[in-house]
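Take a look at the structure set out below.
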Amino acid sequence: MQAARDGLAVAIFTTSSPGEPYEMFVRTLAAAREITYPHTTYLLDDTRDPRFGELARQMGAVHMELIGLPGAKAGKINEALRRTSEEFILVLDPDHIPFRQFLHRVLGYFRDPAVGFVQVAQAYHNANESFVARAAAEQTFSFYGPIMQGMHGTGTSVGIGANCTFRRTALDSIGGHGIGLAEDLVTSIRLHAAGWRSVYVPEVVSRGLVPADLGSFLKQQLKWSRGVHEVLFQEYPRAFLRLTTHQRISYFMIGSYYVVGLTTFIYIAIPLTYLWTGHQPAAFLLSEYIRHALPVGVLGIFIYRFAQRWLCDPVRERGFHWRGTLLKVGAWSVYLKGLLLSILGIAVPYIPTAKERKRDRFWRLARVPIITVMASAVTVIWTAWRELYLLPESEVRITTEVTLGMLFFMIMNTILMSGRLYAAWVDREREET
């Protein structure tokens, strides 16, 4: 860590939107007031609620009413940039509670005049609130640990929507904060393309919220999927020639992350297609697949566990993260929808992620995994009937191992849907008794 110079002009921007809980801002603004490095906190308010202005005054913050601006959160940040003059701006999401030494841990890196932004790790104080909260948190542990540390080493660390500190002159050089569903990634790629360096600090200096219910999680993932694909299709080609080789690779990998929705759909479709039509996409035996896949899988688990020595909070974060895996695979339809919306150019409204746990109808939350499981069950019944009563014995003998292999994959698909099904059942609406 580099020591922060005294006398820097620092602003903290936190935004409020209609529907966000008032009590959350009480906690966040109170914590921001306790940050030891001298700064000015600005509440960029879009609620039309007079309580927020009074709260800002009580907490020593500046209330800036910004109503109806285009660009959602990023639009408010850009307007606040025009109205303020501080050279360094910390963008703090209102659900994150900053620690007292936050600014001291990041400002020293701006001694290098080429550094445009400094990102710190994200951690969460509600990770144990529910199955979904734990799963959502697990999906971030490796990213903020070994992955972002490796990206820092190659000059490719990115800014995230919360807890990122920017140099004003860097933002000015690209026309302000990027706008979009993935506005943080838009800003990062533009800053890197403009020649600014980024720094990642793998320290937990605040704790925030992850979605605690399935409906909020799926809405968040759709927004991110749509936004990240937009960066891949629009921002990435424009910035490509001005990025370093490592940055080109990194932004392509980030931009294609949610293609997992398409690959999972193909994975689910392969055994169904074979068992109903007889068309086999690849000629292999189950025994061959297991012989090759098993050592790769074991090695992958070993590497995953070994890399956890670089987690930001190993005591809380170490583990096999099976909940995160199940929920990621279970959300495949949302990622696929985000990809298709991006290709078709259909917009998704910017809606802040819910900060309180909500419930929804079970069918709305679980229809995709239910359809997947039911299709698998019907296919198993049809396959058993066909093998026993319709096919000649000679053909059954020839196709038995391939059929068993496809049934094995179908069972795996059902297991992988269990996380979303369980979360949907827990978060379903319950009738009043």
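Rule-based calculations on the coordinates, nothing more; no lab input. Note that the coordinates shown come from a computational prediction; the quantities given were computed from them, not determined experimentally. All Cβ positions, glycine included, derive from the backbone under ideal geometry; neighbour counts span all protein chains shown.
Quick rundown of the values:
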| read-out | value |
| --- | --- |
| Close Lys-Lys pairs in the chain, where close means Cα under 17 Å and separation is 8 or more or interchain | 11 |
| Among His39, Gly108, Met59 the positive-end extreme of the charge dipole of the chain (Cβ point charges) | Gly108 |
| Full-stretch length increase - Leu8, Arg57 - with 0.36 nm per residue and alpha-carbon distance subtracted | 15.3 nm |
| Cα gyration tensor, the stretch 53-148 - rounded (a/c under 1.5), prolate or oblate | oblate |
| Relative contact order computed over the stretch 10-210 (Cα-Cα under 8 Å; 6+ residues apart), in percent | 27 percent |
| Relative contact order [Cα under 8 Å, 6+ residues apart], the chain, whole percent | 18 percent |
| Peptides ranked, highest mean first, by Cβ atoms within 10 Å: ranges 42-52, 327-337, 262-272 | 327-337, 42-52, 262-272 |
| Where the Cα pairs of the stretch 10-210 fall when distances are cut into 10 Å bins, in % | 9, 36, 39, 15, 1 |
| Helix-only mean residue ellipticity at 222 nm for the chain, each DSSP H run of n ≥ 4 adding -39500 (n - 2.57), per residue, nearest 500 | -16000 deg cm²/dmol |
| Paramagnetic label zone (point 7 Å from Cα along Cα-to-C-beta, Trp322; backbone N under 18 Å) in the stretch 401-433 | 411-424 |
| Cα lying deepest toward the dipole's positive end in the chain, options Val231, Thr277, Ile346, charges on Cβ | Val231 |
| Cα Rg, Dmax (largest Cα-Cα span) when computed across the stretch 203-333, Å | 18.9, 56 |
| Antiparallel bridges, percent of DSSP beta bridges restricted to the chain (to nearest 5) | 30 percent |
| Simple Cβ-charge dipole of the chain, Lys/Arg +1 and Asp/Glu -1, about Cα centre, in debye nearest 20 | 380 debye |
| Magnitude of the charge dipole, the stretch 33-145, Cβ model with Lys/Arg +1 and Asp/Glu -1, debye to 20 | 160 debye |
| Distance in nm between pseudo-label sites at Val380 and Phe143 (7 Å out along the Cβ direction from Cα) | 3.4 nm |
| Shape category assigned to the stretch 105-177 from the gyration tensor of Cα positions, a/c cut at 1.5 | prolate |
| Cα-based radius of gyration of the chain once divided by 2.2 N^0.38 Å, which approximates compact folds | 1.10 |
| Spin-label pair Asp172/Ile67, simplified geometry with 7 Å Cα→Cβ offset, distance in nm | 3.1 nm |
| Folded to 0 to 90 degrees: helix 245-255 orientation relative to the chain principal axis, Cα | 70 degrees |
